[in-house]
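Trainee: Below: one structure in structure tokens.
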Amino acid sequence: MSERGLCSRREADAYIEQGLVFVDGRRVSELGTKVDPDCAIRLDAQAHARQAERVTILLHKPVGYVSGQPEPGYEPAVVLIRSETRWPDDREARRFDRAQLHGLAPAGRLDIDSTGLLVLTQDGRVARQLIGDDSSVDKEYLVRVEGRLDERGLALLNHGLSLDGKKLRPARVGWQNTDQLRFILREGRKRQIRRMCELVGLKVTGLKRVRIGRVRLGDLPPGQWRYLRADERF
């Protein structure tokens, strides 16, 4: 169910136990039931209704906030999700309710010194799409740097670097202007871009995430947020 994008694994367990899953038209309520790989799986309407209630929020995270767990002296970005910080131009009709903060978690990291698009979601399907091991959603960053970068260094940024003894996936890196690079990545290791730049002799002085998949930061102001619209897909 998780691999097919129907729900997260945790949600799948709950739906099965509650009898909200049908396999080839037959209700399944026992965890661990073996099924044919080509079987048809569908969720009960009640499960779909619960999923529709879950929110995904797009936040323009400012510098100085951590993505996830709070650190000494710093607050997690989720504290910015309040009715008064909602972007006035948000076109989603949904009303904000503090219950939407329950289970709201970042789907990917953005370090404390970075700014830009951060996704927080209650929906396990969205989280898996963005941060699952097999995620193919790319992320775009504008990175201001200091230092000299020759053609060999630029080639290494695109493909050829390793972090913590593990090779990085191919990236797309090029100059945006004279002191700013554009990075497009399909992975997100801790402080990855900053560490990549250090390996080729560059110092990052500013980092902003401007896109995740097909969803752009756009005109969303720093410190404000909006809902992911029903017509938007990563």
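Trainee: With contacts defined as alpha carbon pairs under 8 Å and 6 or more residues apart, what's the relative contact order of region 9-51 in percent? If you can, show how the numbers build up before the last one.
Mentor: Numbers: 43 pairs, mean separation 15.5, N = 43.
Across region 9-51, relative contact order equals 36 percent.
Trainee: Run the helix sum for the chain: -39,500 (n - 2.57) per DSSP H stretch of 4+ residues, divided by residue count, reported at 222 nm to the nearest 500 deg cm²/dmol.
Mentor: Working: 5 runs with 42 residues, N = 234.
Value at 222 nm, helices only: -5000 deg cm²/dmol.
Trainee: Among all the aspartates and glutamates, which ones have a C-alpha under 12 Å from Lys61's C-alpha, if same-chain residues fewer than 8 places away are not counted?
Mentor: Qualifying aspartates and glutamates at Cα under 12 Å: Glu75, Asp111, Asp113.
Trainee: Distance between the C-alpha centers of region 125-190 and region 40-84? Whole Å please.
Mentor: 25
Trainee: If you don't mind, another one. Let me see the pair-distance distribution of the chain: every alpha carbon pair, 5 Å bin width, integer percents in order.
Mentor: Computed distribution, short to long bins: 1, 6, 13, 15, 16, 14, 12, 9, 7, 4, 2, 1, 0.
Trainee: Would you be so kind as to identify which of Gln18, His159, Ala47 lies farthest towards the positive end of the dipole of the chain, taking Lys and Arg as +1 and Asp and Glu as -1 on Cβ and the Cα centre as origin?
Mentor: In the chain, that residue is His159.
Trainee: Further, regarding this structure: Which order, highest average first, do 169-177, 26-34, 125-133, 56-64 follow once you tally other Cβ atoms within 10 Å for each residue and take the mean per peptide? List each step's numbers first, then the result.
Mentor: Working: 169-177: 13.4, 26-34: 9.7, 125-133: 17.6, 56-64: 20.7.
Answer by packing, highest mean first, reads 56-64, 125-133, 169-177, 26-34.
Trainee: Moving on. To the nearest 20 debye, what charge dipole does region 9-51 have about its Cα centre, counting +1 at the Cβ of each Lys and Arg and -1 at the Cβ of each Asp and Glu? All intermediate terms of the calculation are to be shown ahead of the outcome.
Mentor: Working: 7 positive and 8 negative charges, 22 e Å.
That gives a dipole near 100 debye.
Trainee: Counting other C-beta atoms within 10 Å, and keeping those with at most 16, which DSSP coil GluC sites (Glu not before Pro) do you find in region 129-234?
Mentor: Glu187, Glu232
Trainee: Near Ile212, within a Cβ-to-Cβ distance under 10 Å, what is the net charge of the other residues, with Lys and Arg +1 and Asp and Glu -1?
Mentor: Values: positive: Lys139, Arg209, Arg211, Arg214, Arg216; negative: Asp138, Glu140.
That works out to +3.
Trainee: Taking θ = phi - 60°, what integer Hz values does the Karplus form 6.51 cos²θ - 1.76 cosθ + 1.60 yield along region 60-67, in sequence order, with x for Gly and Pro?
Mentor: 3J(HN,Hα) across region 60-67, in whole Hz: 8, 6, x, 4, x, 10, 8, 5.
Trainee: To the nearest 20 debye, what charge dipole does the chain have about its Cα centre, counting +1 at the Cβ of each Lys and Arg and -1 at the Cβ of each Asp and Glu?
Mentor: 420
Coordinate-derived values only; no laboratory data. On a predicted model such as this, the values are computed, not experimentally measured, just so you know. Here the Cβ is made from the backbone with ideal geometry for all residues, glycine too, and neighbour counts use every protein chain on show.
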